[in-house]
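Quick notes on the structure that follows.
The values are calculated or read from the model by the stated rules, or taken from the named source; none is laboratory data. Small disclaimer: the values here were computed from a predicted structure and weren't measured. Don't worry about glycine lacking a Cβ; one is built from the backbone with ideal geometry, like all the others, and counts go over all protein chains shown.
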Amino acid sequence: MIKKSKKIIFTGGGSAGHVTPNLALIEKFLKEKWEVAYIGSQAGIEKELIAKLGISYYSIATGKLRRYFSWQNFTDPFKVIYGVIQAVILCYRLKPNVLFSKGGFVSLPVVVAAWFFRIPVIIHESDLTIGLTNRLCFPLATKICVTFPGTIKQIKNKIKGVIAGTPIRQEFFTGNADLGRKICGFTAGKKIILVFGGSLGAEKINKAIRELLPNILAKFQIVHICGQGKIDSSLQYSEYKQFEYLHDEFPHVLAAADLVISRSGANSIYEVIALRKPNLLLPLPKTASRGDQITNAKYCVDKGFSEMILEEQLTTNLLLEKITLTEKQGGAMIAAMKTFEILPTIDIIYKLAEQI
């Protein structure tokens, strides 16, 4: 008798934060001989990232769920409905055993379609506070995985909640610092600051870092991941290296870093905590997000993991002051981060999928 292979659909998109944890999980499921497919948007970053894995990718219509007034709020509900119809057809054709959703507006139609066919749904929430799409999807979920223990309190049906941490690619734990320095063209004799503002870059962070040049290079080497189309070719310093985006090289560059300056998306902070990197967080302001990054950053500061600058307070002088303070407190930050338990998230979620 031929044994049928198990099938899983992944979904999530809109930003790299809703995709990169899926990459780590997909590797595990492929290794365990599951059939894997991905449902995402047509133009989102998830299509580009998933293409590298060589798995089936299906696009559906998407509509953004906004908390503010926009004329698109009148048209996007129809896109969501069309996306649900497309997702229902895909679920009927693919007949998965499990759906794993990382959130983002593309995931709502897919979760609804899976619920329609009574396909078990595992949802993952990275942030301390729950995103709008995940909040809408939670009643349809079989299990809800969270990164932080405090998030469980926000789930109405506590039985569904599982403290799982955040999936991190295993390459992060085997990053080679020497290779990271080689990628950047840096020497081993001077400390390295890694700066990144999320998958799309951050104009204000880019500007503030560049205003510190070249004086800060007397003490530090800086590797700056600045976002697509945001490299400033006029800045030519041997100790300042710019990249639009890093994927396979990123674990090595992160391993080489002595200090990290970043946004405070849940995936980013989990990576720096897991790798015990002293860090300075510059969260997205509430004008550009739901405030989740500010909550994440305050949590890390309260725990002694990080320093923080709110974007509306960001100046060149304050940035330099906080860099100096972060370097000085690096040992204490590392000691505090060692008290935070890094869970075997990939194994936890894989076992949940097997069980349900």
Inset, instruction - Give the stretch 297-320 a look and list any residue that's over 19 Å from the mean Cα position of the chain (by Cα), farther than 20 Å from residue 258 by Cβ and not in a loop (DSSP other than H, G, I, E, B), or say none. - result: 302, 303, 311, 312, 313, 316, 317, 318
Legend entry - Looking only at the stretch 112-149, and only at residues there that are out of contact with any Asp or Glu (no Cβ under 8 Å at 6 or more places or on another chain) and among the charged types (D, E, K, R), the one that is surrounded by the fewest Cβ atoms within 10 Å (Cβ to Cβ): 118
Inset, instruction - Working carefully through the options 272, 260, 253, find the one that is part of a strand (DSSP E or B), out of contact with any Pro (no Cβ under 6 Å at 6 or more places or on another chain) and crowded, with 20+ Cβ neighbours inside 10 Å. - result: 260
Legend entry - Set 286, 328, 277: member being at pLDDT below 95, outside the structural domain of residue 150 (by TED's automatic domain parsing), charged (D, E, K, R) and farther than 20 Å from residue 19 by Cα: 286
Inset, instruction - Determine, yes or no, whether residue 80 is within 16 Å of the chain's Cα centre (by Cα), modelled with pLDDT under 90 and among the β-branched types (Val, Ile, Thr). - result: no
Inset, instruction - Would you be able to tell me the number of residues in the stretch 202-242 that are in a loop (DSSP other than H, G, I, E, B) and out of contact with any Ser or Thr (no Cβ under 7 Å at 6 or more places or on another chain)? - result: 17
Inset, instruction - Tally the residues that are out of contact with any strand residue (DSSP E or B) (no Cβ under 6 Å at 6 or more places or on another chain) and not in a helix (DSSP H, G or I), restricting the search to the stretch 98-147. - result: 12
